[in-house]
Amino acid sequence: MKLNPKETNKGILAIVLLALSFSFIAILPRYFSYSFKLFQQVYLRTITALIFSIFIFRKRIKFQHFFKATKKDYLLLLFRATSYYLLGVSLWAQASIITKISNVSFISSIPISAILGFILLKEKITKKRVLLVLISFIGVLIVSLNNFSITSFGRGEVLILLSTIFLGIGKISRRWESTNLNDRESSIILLFFASLLLFATSQIVGEGIPLSNWNSGIILAVIFGGLVNVGIAFFTTYGYSRVKAVVASNLIQLEIPLIIIFGLIFYQELPGFRELTGGLIIVASAIWMNKLDQKN
């Protein structure tokens, strides 16, 4: 897609709204864990998001485009659904259940998209950018290592690090899609594939069908989660097709202060001194990288 400044600005706004959506969704996995198993809670939100997407975007969907799309288009969307939802979101949800929400936020903010942009999208590599990436990983170690021994690396921190890699691949691979499908159509197919993959995986691992533990709070949370996932699917598809991976990776840092606030409000969690120090190192490196990109 050939970009112009107006489209880039819209893409930046989409990434900012994506960060806001992530901060909303961060509080849900632990709440759902009292009623549902891991893949159950993820596919319930994803299926709800798919239903809302079809309804909300119905006037902007042209069904002939689904037949115009090539096999390559569908395979890429299947790849994105696998990387982003089946692996990335599921690992992220599990980490959110067993780890401090602030730690999840800090580690997920490392510039993985920037690294993948260097490797997969051939974006410009400089010594300063490489140094900033290394500094951000030092911040990850400070957040994750309880007593600065490699054996004390928390399981939740490992999961969120893996999740961040898969989420990053799912995000930037949007840039490889053709224009046969518009952003809304692409988002709907992405959610459809993700729902199928998550449901099938849930059945394969023996989670069963979630017929019990429903109440008004859970129903409202599923609806809310579905709506937010509509935003995540669309803003990811729209934003990452219009903004460089490096810039997008830094803009997404806006979710951090909001997630910390929500963690305090809903779970009475605050980052400790060590975690806050490591988190600030990660965020500072991301902001600095963004400034370097702006100069270029």
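The values are calculated or read from the model by the stated rules, or taken from the named source; none is laboratory data. These numbers come from a predicted model, not from an experiment. Please note: Cβ atoms are built from the backbone with ideal geometry, for glycine as well, and neighbour counts cover all protein chains shown.
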Cβ pairs under 8 Å, 6+ apart, first in the stretch 36-62 and under 18 Å from residue 86 (Cα atoms), second surrounded by fewer than 20 Cβ atoms within 10 Å (Cβ to Cβ) and hydroxyl-bearing (Ser, Thr, Tyr): 39/201; 41/33; 41/35
Subset of the stretch 12-36 (residues that are in a helix (DSSP H, G or I), among the small types (Gly, Ala, Ser) and modelled with pLDDT under 85): 19, 23
Of the criteria (1) touching a helix residue (DSSP H, G or I) at 6+ places or on another chain (Cβ under 8 Å); (2) surrounded by 16 or more Cβ atoms within 10 Å (Cβ to Cβ), which one residue 73 fails: (1)
Output for the stretch 33-48, where each listed residue is more than 20 Å from residue 204 (Cβ to Cβ) and buried (at least 20 other Cβ atoms within 10 Å of the Cβ): 48
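Surrounded by fewer than 21 Cβ atoms within 10 Å (Cβ to Cβ), modelled with pLDDT under 80 and in contact with a Lys or Arg (Cβ under 9 Å, 6 or more places away or on another chain): does that describe residue 290? If you could, list the steps in order and put the result at the bottom.
Working: surrounded by fewer than 21 Cβ atoms within 10 Å (Cβ to Cβ): yes; modelled with pLDDT under 80: yes; in contact with a Lys or Arg (Cβ under 9 Å, 6 or more places away or on another chain): no.
Considered against the rule, which asks whether it is surrounded by fewer than 21 Cβ atoms within 10 Å (Cβ to Cβ), modelled with pLDDT under 80 and in contact with a Lys or Arg (Cβ under 9 Å, 6 or more places away or on another chain), residue 290 comes out as no.
Of all residues in the stretch 63-94, which are under 16 Å from residue 181 (Cβ atoms), assigned to a helix (DSSP H, G or I), in contact (Cβ under 8 Å) with a residue 60 or more places away in the chain and not charged (D, E, K, R)?
Those that are under 16 Å from residue 181 (Cβ atoms), assigned to a helix (DSSP H, G or I), in contact (Cβ under 8 Å) with a residue 60 or more places away in the chain and not charged (D, E, K, R): 65, 66, 74, 76, 77, 78, 79, 81.
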Count of the stretch 172-196 residues which are modelled with pLDDT under 80 and farther than 20 Å from residue 57 by Cα: 1
Yes/no for residue 119 being among the aliphatic types (A, V, I, L, M), out of contact with any helix residue (DSSP H, G or I) (no Cβ under 8 Å at 6 or more places or on another chain) and surrounded by fewer than 21 Cβ atoms within 10 Å (Cβ to Cβ): yes
Subset of the stretch 184-207 [touching a helix residue (DSSP H, G or I) at 6+ places or on another chain (Cβ under 8 Å) and among the small types (Gly, Ala, Ser)]: 186, 187, 194, 195, 202
